[in-house]
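Every read-out reported here was derived from the displayed coordinates using simple, explicitly stated rules and does not represent laboratory data. In this text, all values refer to a predicted model and were calculated from it rather than measured experimentally. Ideal geometry is used to build each Cβ from the backbone, glycine not excepted, and the neighbour counts take in all protein chains shown.
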Amino acid sequence: MRTINIHEAKTHLSRLVDEAEKGESFIIAKAGKPKVLVTRLDALPAPKQRRIGFMKGMFTLPDNYEEIDRELDKEIEKLMLGEEAE
């Protein structure tokens, strides 16, 4: 894959975009260091779809989870206020 310096990319942007559209990806570099990859949009992989509810049934909460939550809230509050936790 070829590397183009940023000055050349600014000068020939239209031509470079046309080339990238045809599938000729390239890298733009600044001071010799690669900064960005320019490629055709449909060449990028599709983002992975999120699956809502995919963990349903894989864990359970104890019956007293609300009580446990309140106890933890109290403990965190004491720690935040600088009091000793029990």
List the pair-distance distribution P(r) of the range 35-80, using every Cα-Cα distance, as the percent of pairs falling in each 10 Å bin from 0 up to the bin containing the longest distance, rounded to whole percents.
18, 19, 20, 17, 17, 10
With θ taken as phi - 60° and the coefficients 6.51, -1.76 and 1.60, list the Karplus ³J(HN,Hα) couplings across the range 46-52 in order, rounded to whole Hz; mark glycine and proline as x.
5, x, 5, 6, 7, 10, 6
Step by step: find N for the range 2-41, compute 2.2 N^0.38 Å, then divide the Cα radius of gyration by it. What's the final number?
1.05
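Based on the Cβ-Cβ distance of Met80 and Lys56, what FRET efficiency does E = 1/(1 + (r/R0)^6) give at R0 = 35 Å, to the nearest 0.05?
0.55
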Over the chain: helical MRE at 222 nm, DSSP H runs n ≥ 4 each giving -39500 (n - 2.57), nearest 500
-10500 deg cm²/dmol
